[in-house]
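The structure under discussion appears below in the form of structure tokens.
The values are calculated or read from the model by the stated rules, or taken from the named source; none is laboratory data. Fair warning: this is a prediction, and the values are worked out from it, not measured in the lab. For neighbour counting, all protein chains shown are included, and Cβ atoms are generated from backbone atoms with ideal geometry for every residue, glycine included. For accessibility, only protein heavy atoms count, side chains too; no ligands or nucleic acids. Shrake-Rupley method; radii C 1.70, N 1.55, O 1.52, S 1.80 Å.
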Amino acid sequence: ACQHRLWPEIDKVVQQQVAMARMGIGECGSGWQLFAEDGEMKMYRREEELDGMVVDPLKAVHVVKGITGHEVCHYFFTPQYRYDWETTLEQMNVLETISDDTLMFMQTHKRIWPASQRDVVFWSHIRKLPNEKDRDGPDIWTVVNNSTEHPDYPANNGKCVRIFLKVCLMCQTRVDPPKDGTPLSRENVSCKITYCSVVNPGGWAPASVLRAVYKREYPKFLKRFTAYIINQTKNKPIMF
Ligand SMILES: Cc1cccc(-c2n[nH]cc2-c2ccc(F)c(-c3ccc(S(=O)(=O)CCO)cc3)c2)n1
């Protein structure tokens with residue numbers, strides 16, 4: 001991945017996004033409002049508009065028992081599982097395999113009435129980061145999805161409006177070893193998930209409609225995605 005033309009951008013965006021994801025809601029600047037809560041899952045957004053378009057940054061935090069950060073990032077990054085958990089996906093193509101940790105995607109998603117259908121082209125990079133707080137603790141895993149251009153798929157040349165997104169999924173695994181020295185099992189692991197996203201809808205869409213969609217779709221996505229991983233991993237060895 002080091003020699004690819006996108007590498008400098010990927011490295012810069014990943015460092016930026018991870019720094020943002022690591023900041024707590026308090027430090028992240030004011031204006032975050034909690035808009036959804038379900039058990040351990042908390043969803044925050046900031047209301048921001050750009051040229052009259054809603055570009056609300058979103059930050060979701062969740063703690064899930066029985067899975068690890070590597071597993072969460074693996075199922076988020078790997079294309080073959082995406083149709084299982086991404087309910088609004090209509091079409092997904094891998095445009096380029098830049099390296100084993102970096103892919104380029106083209107996706108079209110189901111239309112949100114009354115706006116026109118959206119598509120997106122983005123690079124996706126998975127990376128393990130050292131756990132700065134606890135040297136011998138489990139590593140942090142992250143996937144960053146960032147809109148990019150591709151010569152064969154120019155924006156807005158067909159039925160879809162091209163959206164622009166920047167997404168960071170950052171996961172911190174926690175291990176609580178069993179007291180009685182029995183081997184580690186899934187009861188002893190949990191994962192703190194931080195999902196940050198900024199989506200520019202790319203063309204006009206009513207603010208009220210977009211905010212209603214986000215309010216409904218984001219909690220649904222994170223609950224369905226984490227339930228999917230629990231189900232996929234329950235009888236498999238733990239991936240650290
Ligand atoms: C989870 C969610 C939030 C907000 C809106 C929607 C949604 N509802 N109907 C259509 C969409 C839609 C339209 C365009 C998109 F690019 C994505 C989109 C969302 C997430 C990601 S990702 O990078 O987080 C995961 C990879 O698919 C990529 C594209 C989703 N879904």
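May I ask you to list the residues in region 198-222 that are assigned to a loop (DSSP other than H, G, I, E, B) and under 18 Å from the mean Cα position of the chain (by Cα)? Working first, answer last.
Narrowing region 198-222 to residues assigned to a loop (DSSP other than H, G, I, E, B): 201-206.
Scanning region 198-222 gives a single hit, Pro201.
Of Ala212, Ala207, which residue is open to solvent by 40 Å² or more (accessible area, probe 1.4 Å), within 28 Å of Gly24 (Cα to Cα) and either of a type outside the set (Lys, Arg) or touching a Gly at 6+ places or on another chain (Cβ under 7 Å) (or both)?
On the way: Ala207 fails: open to solvent by 40 Å² or more (accessible area, probe 1.4 Å).
Only one candidate passes the filter, namely Ala212.
Which count do you get for residues in region 61-86 that are of a type in the set (S, T, N, Q) and within 13 Å of the chain's Cα centre (by Cα)?
Taking region 61-86 as the starting set, the residues that turn out to be of a type in the set (S, T, N, Q) are 68, 78, 80.
Applying the additional criterion that residues be within 13 Å of the chain's Cα centre (by Cα) yields 78.
Counting residues in region 61-86 that are of a type in the set (S, T, N, Q) and within 13 Å of the chain's Cα centre (by Cα) gives 1.
Just checking, how many residues over region 126-171 are farther than 23 Å from Glu71 by Cβ and open to solvent by 40 Å² or more (accessible area, probe 1.4 Å)?
To start, the set of residues in region 126-171 that are farther than 23 Å from Glu71 by Cβ comprises 147-166.
Pick out the ones that are also open to solvent by 40 Å² or more (accessible area, probe 1.4 Å) and you get 149, 151-159, 164, 166.
The number of residues fulfilling the criteria is 12.
Taking interchain pairs and intrachain pairs at least six residues apart, which have beta carbon atoms under 9 angstrom, with the first residue in region 140-167 and more than 16 Å from Gln16 (Cβ to Cβ) and more than 9 Å from the ligand (Cβ to nearest atom) and the second small (Gly, Ala, Ser) and assigned to a strand (DSSP E or B)?
Filtered contacts from region 140-167: Arg162/Ser147.
Answer yes or no: is there a residue in region 109-125 that is away from the ligand (no atom under 14 Å from the Cβ), open to solvent by less than 30 Å² (accessible area, probe 1.4 Å), touching a residue at least 24 places away in the same chain (Cβ under 8 Å) and not in a strand (DSSP E or B). It would help to see each step written out before you state the result.
First, pick out the residues of region 109-125 that are away from the ligand (no atom under 14 Å from the Cβ): none.
Taking every residue of region 109-125 in turn, none turns out to be away from the ligand (no atom under 14 Å from the Cβ), open to solvent by less than 30 Å² (accessible area, probe 1.4 Å), touching a residue at least 24 places away in the same chain (Cβ under 8 Å) and not in a strand (DSSP E or B).
Does region 96-103 contain at least one residue that is modelled with pLDDT of 95 or more, under 22 Å from Arg224 (Cα atoms) and more than 14 Å from the chain's Cα centre (by Cα)?
No: region 96-103 contains no residue that is modelled with pLDDT of 95 or more, under 22 Å from Arg224 (Cα atoms) and more than 14 Å from the chain's Cα centre (by Cα).
Of the residues that make up region 169-176, is at least one assigned to a loop (DSSP other than H, G, I, E, B), among the acidic types (Asp, Glu) and farther than 25 Å from Arg22 by Cα? Give the derivation first.
Taking region 169-176 as the starting set, the residues that turn out to be assigned to a loop (DSSP other than H, G, I, E, B) are 176.
If we keep only those that are among the acidic types (Asp, Glu) too, we end up with 176.
Right, trim to farther than 25 Å from Arg22 by Cα and you get none.
No, that holds for no residue.
Does Glu90 meet the test of being within 11 Å of the ligand (Cβ to nearest atom) and open to solvent by 40 Å² or more (accessible area, probe 1.4 Å)?
On the way: within 11 Å of the ligand (Cβ to nearest atom): yes; open to solvent by 40 Å² or more (accessible area, probe 1.4 Å): yes.
The answer is yes for Glu90.
Taking region 179-229 as the search range and keeping residues that are of a type in the set (D, E, K, R) and without any contact (Cβ under 8 Å) to a residue 12 or more places away in the chain, which one is farthest from the ligand (Cβ to nearest atom)?
Here is the first cut: in region 179-229, the residues of a type in the set (D, E, K, R) are 179-180, 186-187, 192, 211, 215-217, 220, 223-224.
Next, only the ones that are without any contact (Cβ under 8 Å) to a residue 12 or more places away in the chain stay: 179-180, 216.
On the way: Lys179: 38, Asp180: 40, Arg216: 8 Å.
The qualifying residue farthest from the ligand (Cβ to nearest atom) is Asp180.
Among the listed residues Met53, Met20, which satisfies the condition of being modelled with pLDDT under 95 and open to solvent by 50 Å² or more (accessible area, probe 1.4 Å)?
Criteria check complete, one pass: Met20.
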